[in-house]
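What follows is a set of notes on a single structure, which appears directly below.
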Amino acid sequence: MARIRSIKPDFWTSEQVMECSPIARLMFIGMWNFADDHGRMPASPKTLKAQIFPADDIDSTNVRRMIDELSSTGLIRLYEVDGKEFLLITGWHHQKIDKRQPAKYPEPPKEQSPTVRRTVSTDLRGSEGIGEERKNCPVAKATRTKQEYSEEFEAKFWVPYPRSPTMAKKEAWREWMKLSPEQREAACKAIEPYKKYLRSKPNLETVHACRFLSQQRFDGFINSLASPQVALDIRSSLV
């Protein structure tokens, strides 16, 4: 059964939340409604799509990407029990949940208990009387360092790249750091030819920035400057 939850104002200015794409933030909020009172739920892209985006043109592949995005920022924790993947919305230990219902899903294995980063408040108060905030109880605040990005990445790749709302900057940065200086230069030079190609294919979905880098899809567009036929072969894999 879905639960009524509410959002604290400081949610919107949390650095963890601001690192996520807007659509991932929306899915994170939607998860609160469908998780049990212990913050657990199946990490099923198809189920989450049906629950949170029932009428939206968002497929399970994009939902899977958003799950990984939320996990990478520490807003959720992924774990497996008996071969099935679950997620835990972290930080619920900061909340007092009145009339907590028995857990519907298994708890994370004890041996997989890394330190959880948490700076986001998820106030669970609602008409069902769930989640009254603790009062007069000091809670240690987690500290974290804001992610720093190089000027080259920001100005030459991230800003000009044809991004969509589901793209996470942190994921792209991680793949950027794996490239050699020559590959980074090639990726930047490939952006304009790639944007030109997208304009000729309006129904084609933009490749996620992290995959554009990790799979070195920029190579085909660099080659297109010298050989149009090579570019055609590479671009066919993007469809």
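The values are calculated or read from the model by the stated rules, or taken from the named source; none is laboratory data. Worth saying up front: this structure is predicted, and the values here are computed from it rather than measured. A quick note on method: Cβ atoms are made from the backbone with ideal geometry, for glycine too, and the neighbour counts reach across all protein chains shown.
Residue check: PHE86 meets all listed conditions (1) closer than 25 Å to TRP173 by Cβ; (2) assigned to a strand (DSSP E or B); (3) not charged (D, E, K, R) but one, namely (1). On the given criteria, is GLN16 assigned to a helix (DSSP H, G or I), of a type outside the set (Phe, Trp, Tyr) and more than 23 Å from VAL207 (Cα to Cα)? Yes. Considering each residue of segment 18-28, count those that are touching a residue at least 24 places away in the same chain (Cβ under 8 Å) and within 26 Å of PRO106 (Cα to Cα), and give that number. Within segment 18-28, residues that are touching a residue at least 24 places away in the same chain (Cβ under 8 Å) and within 26 Å of PRO106 (Cα to Cα) number 4. Identification of helices (runs of 4 or more DSSP H) wholly contained in segment 124-239 with 2 or more residues that are surrounded by fewer than 12 Cβ atoms within 10 Å (Cβ to Cβ), at pLDDT 85 or above and assigned by TED's automatic domain parsing to the domain that holds ASP57 yields no element.
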